[in-house]
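Written below as structure tokens is the structure these notes are about.
The values are calculated or read from the model by the stated rules, or taken from the named source; none is laboratory data. All values derive from a computational prediction rather than experimental measurement. Every residue, glycine among them, receives a Cβ derived from its backbone with ideal geometry; neighbour counts consider all protein chains shown. Please note that ligands, DNA and RNA were not included when accessible areas were found on the heavy atoms of the full protein model with its side chains. Shrake-Rupley method; radii C 1.70, N 1.55, O 1.52, S 1.80 Å.
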Amino acid sequence: MSWLRQLFRRDQTTTQRWRVLQIEVTSRCLLQCTFCPKQSFGHNWIYGDLPWSLFDECIAPHLSRFDLVYLQGWGEPLLHPQLWEMIRATKAAGCRVGFTTCGSALDETNSARLLDAGVDILSISFAGATPATHEALRVGSDFRKLAANAERIARLKKERALAVPLLEQHFLMLRSNIHELPEFVRLAASLGMDEAVATNVVYTPTHEIAAERVFAESPDPRHLELVAEAEREAKRLGITFRAYPLTMNPNILECDAYPTETAYINHLGQVAPCVYLGLPTRDLAPRIFEGQEHPIAPVNFGSICLGLLAAMQGAERAQFIGAFRARKAFAYSALALSAASGVDAQTRLPDPPSPCRFCYKMYGI
Ligand code: SF4
């Protein structure tokens with residue numbers, strides 16, 4: 001049973017510190033990526049920045065409760081005018097800090113500031129290994145400039161002999177670009193990145209975006225072979241490579257957003273379990289799951305104006321994460337029973353929280 005095996009990999013957090021606080025500092029971005037939900041939301045997308053006063057007064061006092069603060073939501077963090085103050089406050093609180101960038105603003109000045117600030121993790125987003133593929137998907141991005149920006153920060157880090165940031169180069173695996181995955185790994189190695197990471201298009205608000213996914217119950221063998229080839233290339237070149245699974249697993253105990261140990265704050269100051277349930281939308285968020293429409297009703301554990309800790313320790317969050325804890329507790333019991341009786345337990349796991357039932361993250365992809 002795959003869900004039993006997961007018990008040996010992870011433990012539950014029982015302390016008052018949490019692993020990750022993810023913060024959407026802005027929902028604005030200068031690109032028009034074809035797979036980004038904001039393209040399909042129209043006027044329902046709420047554009048904006050997290051006000052510095054909200055960060056300073058309602059988040060900063062509690063930062064030391066978290067190990068890692070990831071300053072990332074659905075927008076480009078480098079657009080936020082007070083990003084550097086946020087990074088400084090987060091480091092001063094003793095947290096590790098990171099964010100993901102589309103790389104357009106990763107110029108020499110920002111790269112130097114990032115290294116000076118001691119940012120721990122920087123992920124740079126690609127959607128291809130060639131200008132034609134990347135620019136057709138990440139509309140508005142200049143592939144050559146992006147690659148030059150990535151190479152520069154890797155070089156500056158090396159020249160200064162710094163241990164951080166961990167430089168991750170991300171590749172969103174889609175039908176239209178996965179043939180370039182092995183070349184992407186070669187590119188990441190040549191640019192001096194620490195890791196190449198291949199991710200899936202987890203949130204599919206339209207049928208067009210859903211048609212681009214490469215994960216499935218039984219993925220296309222050609223796609224699996226491309227991932228295997230990328231792994232071989234990474235090994236040959238000595239670069240770390242992580243690819244999210246293409247095969248859906250129906251027995252995930254808790255998704256890898258780990259909502260029992262983390263929280264997400266969108267730029268409106270709402271505390272949610274994850275980026276998908278905290279979308280900055282005026283209405284239900286459209287979602288296509290296995291060809292069917294299953295709109296998402298945003299989940300809000302509370303506003304940071306009323307207290308981040310109150311939201312983290314409140315009844316709504318307790319109920320939500322309780323469903324995941326029940327799955328894990330059930331799996332532990334089944335494991336004990338199986339060990340005692342020698343019979344493989346086949347009983348069905350308790351359901352995840354209802355907003356998660358049609359999320360591909362519950363399938364481990
Ligand atoms: S399963 Fe999906 S919707 Fe639910 S918490 Fe995880 S990432 Fe969010």
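Multiply the residue separation of residue 53 and residue 139 by 0.36 nm, subtract the distance between their alpha-carbon atoms, and state the gained length in nm to one decimal.
So the extension gain works out to 27.7 nm.
Note down the magnitude of the dipole of the chain about its Cα centre, charges +1 on Lys and Arg C-beta and -1 on Asp and Glu C-beta and zero elsewhere, to the nearest 20 debye.
620
Using a 1.4 Å probe and counting only protein heavy atoms, arrange 74, 18 so the residue with the most accessible area comes first.
Sorted by accessible area, descending: 74, 18.
Hey, could you pull the Cα Rg and Dmax for the range 35-132, both in Å?
According to the Cα coordinates of the range 35-132, Rg and Dmax are 14.8, 46 Å.
What number results when the radius of gyration of the range 184-340, computed over Cα atoms, is divided by 2.2 N^0.38 Å?
Values: Rg = 19.4 Å, N = 157, 2.2 N^0.38 = 15.0 Å.
In units of the globular-protein estimate, the range 184-340 measures up at 1.29.
Distance in nm between label sites at residue 351 and residue 151, each 7 Å beyond Cα in the beta-carbon direction?
5.3
Counting only the backbone N, which residues of the range 16-44 are under 19 Å from the spot 7 Å out from the Cα of residue 84 toward its beta-carbon?
It comes to 25-26, nothing else.
Apply the membrane-span-like helix rule to the chain: whole DSSP H runs, Cα extent along the own long axis of at least 20 Å, mean Kyte-Doolittle hydropathy at least 0.0. List the helices found.
Length and hydropathy pass: 315-341.
Quote to one decimal, in nm, the extra length available between residue 242 and residue 256 on full extension: 0.36 nm per residue of separation minus the C-alpha distance between them.
Stretched fully, the residue 242-residue 256 segment lengthens by 3.6 nm.
Starting from the exponent 0.38 and prefactor 2.2 Å, build the expected Rg for the range 2-312 from its residue count and divide its actual Cα Rg by it. The partial results should precede the final answer.
Details: Rg = 19.1 Å, N = 311, 2.2 N^0.38 = 19.5 Å.
That works out to 0.98 for the range 2-312.
Pull out a ≥ b ≥ c, the square roots of the eigenvalues of the alpha-carbon gyration tensor of the range 289-354, then state rounded if a/c is under 1.5, prolate if not and a/b is larger than b/c, and oblate in the remaining case.
Verdict is oblate for the range 289-354.
Among the listed pairs 38/158; 91/158; 157/235; 38/361; 328/361, which have their C-alpha atoms separated by more than 25 angstrom in this model?
In this structure, 38/158 lie more than 25 Å apart at Cα.
Mind giving me the FRET efficiency for residue 289 and residue 67? R0 is 22 Å, r the Cβ-Cβ distance, nearest 0.05 is fine. If you can, show how the numbers build up before the last one.
Working: r = 32 Å, r/R0 = 1.44.
About 0.10, to the nearest 0.05.
Between the range 272-299 and the range 135-186, what's the alpha-carbon centroid distance in Å?
Here the two parts' Cα centres lie 29 Å apart.
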